[in-house]
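Novice: The structure that follows is given in the form of structure tokens.
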Amino acid sequence: MAGGLVAASPALLAEAAHSVADSLNEVFLLASLRRSRRRPDARHPFGYGKERFFWSMLAAVGIFVTGGCFSFYQGLHTLLHPEGEETGGYLVVYLVLVVSLLAEGGSLLKATLEIRGQARRAGRGLAAQLRHGSDPTVRTVFAEDAAAVLGVLLALAGAGLHRATGHPAWEAAAALAIGVLLMYVAHRLGRDAKDRLIGEAVDPALQQRALDLLTDRPGIDTVTRLLTMRLGPDSALLAARVDLADGLDSAGVEELCVAAKRRIRSELPEFDQVFLDITAADEQERDRAARRRRDLREAVERQRAAEG
């Protein structure tokens, strides 16, 4: 920020606002990591995992307001008042931006390696992990770092063209582009956080695996409904309505439910909250359940095709 004020560079000021937003967001994300690890209690029986999503939403708001809006204002002001935007101290501008590029590039490399590791463990590509990964903290850091690197490159281009042509409109355009970039990143991060805050289902492939574990269980005739909700990056809820085979007594029903829950928690540890509702399904419910299974299979196939 000091370099931007000294050099009176709109592009550098826009990138400085971006850096301020990133710094504030790091505080938000650190708070989310600490608060989301608290154990469940009477007030929050499902734990505090959604703290990650809440603080990621605040980080998105910070990017939009502190970074995007200020950068957009700076670019618009320069376009409307070009006579007052004679940039000096180009050496300061280039030095600050090059140092920023090296720092942000190193941070982006670390975030990329972390996401690649998550993608490898999940059997996905990098792009698919960014779209479907459950940890908003790493995704937010990656998005911020990628936007920071692109923003620095835009600022360098704007400052260089201003220097070469003498027209401040180039730096104004760079500041506007940085503002639009940050607003877009904030929109995407905020939309993802919103989906998880209001109760997003887990990945279709994970739903399919849970459904297969239940339907393959001897004694379970039909799973008429399977509902899931993401509770945190590594925590999810599963609630299933199941129709059991005839001939089971109360002890057999209890034993079957306990064994089914144990197997789900063992093979799919993300489901740390599992609830089974025993019901008697009629033909209409069985038909609806069959349609839901087909829809789920199609969703899994579409996801695999997109990831492949």
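The values are calculated or read from the model by the stated rules, or taken from the named source; none is laboratory data. Remember, it's a predicted structure, so these values are computed and weren't measured experimentally. Every residue, glycine among them, receives a Cβ derived from its backbone with ideal geometry; neighbour counts consider all protein chains shown. Each accessible area value is taken on the protein alone, full model and side chains, heavy atoms only, with ligands, DNA and RNA left out. Shrake-Rupley method; radii C 1.70, N 1.55, O 1.52, S 1.80 Å.
Novice: Report the extension gain between residue 227 and residue 34 in nm, rounded to one decimal, defined as 0.36 nm multiplied by the number of residues separating them, less their alpha carbon distance.
Specialist: Between residue 227 and residue 34, full extension yields an extra 66.6 nm.
Novice: What net charge is computed for the residues neighbouring residue 292, neighbours being all others with C-beta under 13 Å from the C-beta of residue 292, Lys and Arg scored +1, Asp and Glu -1?
Specialist: Combined, the nearby Lys, Arg, Asp and Glu give +4.
Novice: What does the charge count around residue 258 come to, taking other residues whose C-beta lies under 12 Å from its C-beta (Lys +1, Arg +1, Asp -1, Glu -1)?
Specialist: +3
Novice: Sticking with this structure for a sec: With r defined as the distance between the Cβ atoms of residue 248 and residue 295 and R0 fixed at 22 Å, what FRET efficiency is calculated, to the nearest 0.05? Please list the in-between numbers first.
Specialist: Numbers: r = 29 Å, r/R0 = 1.33.
Efficiency at R0 = 22 Å is approximately 0.15.
Novice: Could you work out which residue, out of 58, 176, 276, moves most in a Gaussian network model of the chain, that is, has the largest mean-square fluctuation with Cα springs under 10 Å?
Specialist: Maximum among the listed residues: 276.
Novice: If you count only protein heavy atoms with a 1.4 Å probe, what accessible area per residue comes out for the chain, rounded to a whole Å²?
Specialist: 52 Å²
Novice: For segment 93-237, which whole-number percentage of the solvent-accessible area (1.4 Å probe, protein heavy atoms only) is attributable to carbon and sulfur atoms?
Specialist: Its accessible area is 62 percent carbon and sulfur atoms.
Novice: Please report the spacing between the Cα centers of segment 233-278 and segment 95-143 in Å, no decimals.
Specialist: A separation of 36 Å, based on Cα centres.
Novice: Given R₀ = 35 Å, what would the calculated FRET efficiency be for residue 187 paired with residue 266, taking r from the Cβ atoms and rounding to 0.05?
Specialist: E between residue 187 and residue 266, to the nearest 0.05, is 0.35.
Novice: Springs between alpha-carbon atoms under 10 Å, Gaussian network over the chain: tell me which of 23, 71, 56 tops the mean-square fluctuations.
Specialist: 23
Novice: Mind running the shape call on segment 250-297? Use the C-alpha gyration tensor, a ≥ b ≥ c as the square roots of the eigenvalues: rounded below 1.5 for a/c, prolate if a/b tops b/c, oblate otherwise.
Specialist: Since a/c reaches 1.5 but b/c is at least a/b, the shape of segment 250-297 is classed as oblate.
Novice: Which residue, 135, 145, 277, tops the fluctuation ranking in a GNM of the chain built on C-alpha contacts under 10 Å?
Specialist: Answer for the Gaussian network model of the chain: 277.
Novice: Something else about it: Please compute the length gained on full extension between residue 216 and residue 153, using 0.36 nm multiplied by the number of residues separating them and subtracting their Cα-Cα distance. Kindly include the intermediate steps, with their values, before the conclusion.
Specialist: Numbers: separation 63, 0.36 × 63 = 22.68 nm, distance 5.46 nm.
Between residue 216 and residue 153, full extension yields an extra 17.2 nm.
Novice: Moving on to the next point. Can you give the FRET efficiency for residue 167 and residue 194, using 1/(1 + (r/R0)^6), R0 = 51 Å, r = Cβ-Cβ distance, to the nearest 0.05?
Specialist: Numbers: r = 41 Å, r/R0 = 0.80.
It comes out at approximately 0.80.
Novice: In Å, what is the Rg of the alpha-carbon atoms in the chain, and how long is Dmax?
Specialist: Values for the chain (Cα only, Rg and Dmax): 25.5, 88 Å.
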